[in-house]
Amino acid sequence: KQYKNRYQGQTVFVVGNGPSLNKTPLEDFQSYPSIGMNKIDLIFNRSSWRPSVIVIENNLVVKQHAAALLSTGIPSFISWKARHFIPWSLRSSYSYYLNSRDNGFSLAPHEGIGTSGTVTYAALQLAYYFGAKTVILLGIDHNFFNVKQSKALDYELRKGEDLNHFDPNYFKENSFWGIPDLVASEEGYRLAKAAFEADGREILDATVDGKLSVFRKIPLSEVKERLALEAE
């Protein structure tokens, strides 16, 4: 609840982990609030940009990476269902949220957050709760190479370099990762879009060469122009 309306009326960036981040000048947006996700800290060794908070939904990602987040000093929100993958000695270092029983867009994340196939959906609900007037998506490529679409919550053993994230070792070879459910993700995105627009807010997609078609596309040049006008 301490975060409710913390960024009231502001532009908030929601930053994914797609390979397009390698073409995105995150440093240009350092002074704006942002929500990073999952293993976003793997980009810190080559960028001065830092998110305001980090959100992790997936059990495997929590198991693989939660401890690494502590060294960032960035507040992290983790799904309560994944707490068992965190050692007792570290559990009090994070904030937690409950997953709702359905994928409805939650206006009260402190009571529960809807789930719809992607951590980005959770991040959008938090951005709304934080008071964002405009959300700008970066790194949400919505495009995966050499991945067989399967039922939700399937897992796959990684082979070779990870081509689906900004770092080739994001999911290292011989580690497991959750196969993305793009259909469920798009269902959540449409719910988020409707919720934002119903309150006079908007979600814009500035992902470089992104394949998501739910939100209005906007080039990075226009993002910078909008931010310059806001600053006047």
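Results, tabulated for the structure shown:
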| item | result |
| --- | --- |
| Eligible lysines near Lys63 by straight Cα distance, threshold 19 Å, same-chain separation 8 or greater | Lys39, Lys81, Lys172 |
| Stretchable slack from Gln10 to Glu197, in nm (0.36 nm times residue separation minus alpha-carbon distance) | 65.8 nm |
| Under the span-like rule (Cα at least 18 Å along the axis, Kyte-Doolittle mean at least -1.0), DSSP H helices of the chain | 182-198 |
| Extension gain from Tyr96 to Asn45, taking 0.36 nm per residue of separation minus the Cα-Cα distance | 15.7 nm |
| Modelled FRET efficiency - R0 25 Å, Arg216 with Val183, Cβ distances, 0.05 increments | 0.75 |
| Full-stretch length increase - Leu229, Leu107 - with 0.36 nm per residue and alpha-carbon distance subtracted | 41.0 nm |
| Spread of Cα-to-Cα distances over 10 Å intervals beginning at zero, given as percent, for segment 11-96 | 17, 52, 26, 5 |
| With all protein chains modelled, accessible area of Lys172 [1.4 Å, Å²] | 130 |
| Cα gyration tensor shape of the chain, rounded if a/c is under 1.5, else prolate or oblate by comparing a/b with b/c | rounded |
| Heavy-atom surface of segment 62-220, accessible at 1.4 Å and reported per residue (Å²) | 48 |
| Per-residue [θ]222 nm for the chain (sum of -39500 (n - 2.57) over DSSP H runs n ≥ 4, rounded to 500) | -7000 deg cm²/dmol |
| Candidate residues Ser76, Ser93: accessible-area rank, largest first, probe 1.4 Å | Ser93, Ser76 |
| Equivalent-ellipsoid semi-axes of segment 98-232, from the Cα gyration tensor, Å, largest first | 27, 21, 12 |
| Relative contact order %, segment 152-232, counting alpha carbon pairs below 8 Å whose residues are six or more apart | 19 |
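The values are calculated or read from the model by the stated rules, or taken from the named source; none is laboratory data. Note that this is a predicted model, so its numbers are computed, not measured. Note that we place each Cβ from the backbone using ideal geometry, even for glycine, and neighbour counts take in every protein chain shown. In case anyone asks, the SASA skips ligands and DNA or RNA and just uses the protein heavy atoms, side chains included. Shrake-Rupley method; radii C 1.70, N 1.55, O 1.52, S 1.80 Å.
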